[in-house]
Amino acid sequence: MDSESYHSAYRLGIGITLLYVVGQLVPAVGNYATLVVDIAHHSQETKSAQPKLSAANLESALLRANQFRPDSQLHCESGSQGWDYVCNYMPTPTQSPTRLQFGVNVDAMRWLQVSPLRPAGTNLPPPEKRVTGGPL
């Protein structure tokens, strides 16, 4: 057996071995990917199943914290674009009918994150990845 035939047989053996290893890994990688997706999905379900502060309780908490005047007509409703609630109010109700809005993310007891103020009816920026707590 000459050297070239030996190298060809060697390359063929390595190729077959690699194909076998890849063939064994593909199902394992698929199972792992399915497991990761299932865990992420379960985590989202658990997160969304946690109780949240209601819109009425959020309004009360914001008013109690003296963040808004009692006559500001603060109103919060279910949000979108990553915000639990979108609240709107009139900053100067006796001077102007202009309403501003902001997004709020909450847990069961308090607000966690508040968006920048925007004119009512405009798009809010999405929440930042980090969660902050406290007053507006």
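Tabulated data
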item: Boolean, Val114 is touching an Asp or Glu at 6+ places or on another chain (Cβ under 6 Å) and surrounded by 14 or more Cβ atoms within 10 Å (Cβ to Cβ); result: no
item: Hits in segment 55-68 (condition: surrounded by fewer than 20 Cβ atoms within 10 Å (Cβ to Cβ) and hydrophobic (A, V, I, L, M, F, W, C)); result: Ala55, Ala56, Ala61, Leu63, Ala65, Phe68
item: Breaking point among (1) under 24 Å from Pro125 (Cα atoms); (2) assigned to a loop (DSSP other than H, G, I, E, B), for Asn66; result: (1)
item: Filter pass, Arg64 being in contact (Cβ under 8 Å) with a residue 40 or more places away in the chain, closer than 26 Å to Pro51 by Cβ and more than 16 Å from the chain's Cα centre (by Cα); result: no
item: Test: residue in segment 119-135 that is in a loop (DSSP other than H, G, I, E, B) and crowded, with 17+ Cβ neighbours inside 10 Å; result: yes
item: Leading residue by the ranking (surrounded by the fewest Cβ atoms within 10 Å (Cβ to Cβ)) among those in segment 69-99 that are of a type in the set (Ser, Thr, Tyr) and out of contact with any helix residue (DSSP H, G or I) (no Cβ under 9 Å at 6 or more places or on another chain); result: Ser96
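Conditions (1) farther than 25 Å from Gln50 by Cα; (2) modelled with pLDDT of 95 or more, marked per residue:
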residue	(1), (2)
Ser72	yes, no
Ser80	no, no
Val86	no, yes
Thr94	yes, no
Phe102	no, yes
Met109	no, no
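The values are calculated or read from the model by the stated rules, or taken from the named source; none is laboratory data. What you see is a predicted model, and the numbers here were worked out from it, not measured in a lab. Here the Cβ is made from the backbone with ideal geometry for all residues, glycine too, and neighbour counts use every protein chain on show.
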